[in-house]
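Novice: Supplied in structure tokens, the structure appears directly below.
The values are calculated or read from the model by the stated rules, or taken from the named source; none is laboratory data. Please read these numbers as outputs of a predicted model, since none were measured by experiment. Please note: Cβ atoms are built from the backbone with ideal geometry, for glycine as well, and neighbour counts cover all protein chains shown.
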């Protein structure tokens, strides 16, 4: 599982500060009927129960997994914008990277094609092509046994993500604060604060109490539209891999 991974309602979408924007040239479409909306009637305390959030997040997670499966049949463009903020929350620098997402032997692979909306120079482009060719050669010569192990690993990761979603529902006290229009679409707005006394069941879930946030869920298709997460304590990942400082924010707007 990636970290921050699903920190606060599927942070599997974002692992860097800033705003990630996806602009697929051939977006996968679903012919399936929209799922039934879960009951989001708040209790007397104005909060949503863990079971209500468990139902909602399970639907959101399953739809994201299905999207991932469908995307494997497409070549599309992923444009990511990373904004670095100063102490006052103002943008002090911006970095934009554009990737072409390719399906190679049934698995998505990204190739960097632009930086700050400018094509790569010849040296950088050649390096990316070399990377792609190595992956093609590796997959082409992959044994049936190695392919089976890789696919089993992917299945296990998806199941671990589903389990993590249930942890998220237990780790926070959720409050439905209203509705907003995001990208011309109506969305529920839900706040989450760490639940006092929460005891994590999964190893990665120990980080959850160190974050609070707000999530926007599209009402029509029950997919994550936007999120804004804040670290309320410093988080160290591994020995020297990374450190997320208190006050850091992770933002994602899928409809921007």
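Novice: Can you pull out every residue in the range 77-113 that is farther than 26 Å from residue 139 by Cα and not in a strand (DSSP E or B)?
Specialist: Passing the criteria: 86, 87, 88, 89, 90.
Novice: Something else now. Of the residues that make up the range 65-73, is at least one modelled with pLDDT of 80 or more and either loosely packed, with under 14 Cβ neighbours inside 10 Å or within 26 Å of residue 187 (Cβ to Cβ) (or both)?
Specialist: No, because not a single residue in the range 65-73 is modelled with pLDDT of 80 or more and either loosely packed, with under 14 Cβ neighbours inside 10 Å or within 26 Å of residue 187 (Cβ to Cβ) (or both).
Novice: Further question on the same structure: Of all residues being touching a residue at least 12 places away in the same chain (Cβ under 8 Å) and touching a strand residue (DSSP E or B) at 6+ places or on another chain (Cβ under 7 Å) in the range 114-129, which is nearest to residue 140 (Cα to Cα)? Just the residue, please.
Specialist: Per the criteria, the residue is 128.
Novice: Here is a follow-up. I need the full set of residues from the range 200-217 which are touching a helix residue (DSSP H, G or I) at 6+ places or on another chain (Cβ under 9 Å) and without any contact (Cβ under 8 Å) to a residue 60 or more places away in the chain, in order please.
Specialist: The answer is 200, 201, 202, 205, 209.
Novice: If you don't mind, there's one more thing I want to ask. Kindly indicate whether residue 222 is touching a residue at least 60 places away in the same chain (Cβ under 8 Å), within 29 Å of residue 251 (Cβ to Cβ) and touching a helix residue (DSSP H, G or I) at 6+ places or on another chain (Cβ under 6 Å).
Specialist: Values: touching a residue at least 60 places away in the same chain (Cβ under 8 Å): yes; within 29 Å of residue 251 (Cβ to Cβ): yes; touching a helix residue (DSSP H, G or I) at 6+ places or on another chain (Cβ under 6 Å): yes.
Yes.
Novice: Of the residues that make up the range 157-173, is at least one touching a strand residue (DSSP E or B) at 6+ places or on another chain (Cβ under 7 Å) and under 20 Å from residue 78 (Cα atoms)?
Specialist: no
Novice: Checking the structure you have, find out if any residue of the range 97-104 is closer than 21 Å to residue 71 by Cα, without any contact (Cβ under 8 Å) to a residue 60 or more places away in the chain and out of contact with any strand residue (DSSP E or B) (no Cβ under 7 Å at 6 or more places or on another chain).
Specialist: Yes, that holds for at least one residue.
Novice: Among the residues of the range 114-126, which ones are under 18 Å from residue 102 (Cβ atoms) and either over 28 Å from the mean Cα position of the chain (by Cα) or surrounded by 12 or more Cβ atoms within 10 Å (Cβ to Cβ) (or both)? Spell out the reasoning first.
Specialist: The initial filter retains those residues of the range 114-126 that are under 18 Å from residue 102 (Cβ atoms), namely 114, 119-120, 124-126.
Within the range 114-126, 114, 120, 124, 125, 126 meet the criteria.
Novice: Mind checking which strands (runs of 3 or more DSSP E) fall wholly inside the range 162-256 and carry at least 1 residues that are at pLDDT 85 or above, surrounded by fewer than 17 Cβ atoms within 10 Å (Cβ to Cβ) and over 19 Å from the mean Cα position of the chain (by Cα)?
Specialist: 172-182, 185-194
Novice: With the checklist (1) assigned to a loop (DSSP other than H, G, I, E, B); (2) in contact (Cβ under 8 Å) with a residue 24 or more places away in the chain; (3) closer than 30 Å to residue 247 by Cα in hand, flag the one item residue 142 doesn't pass.
Specialist: (3)
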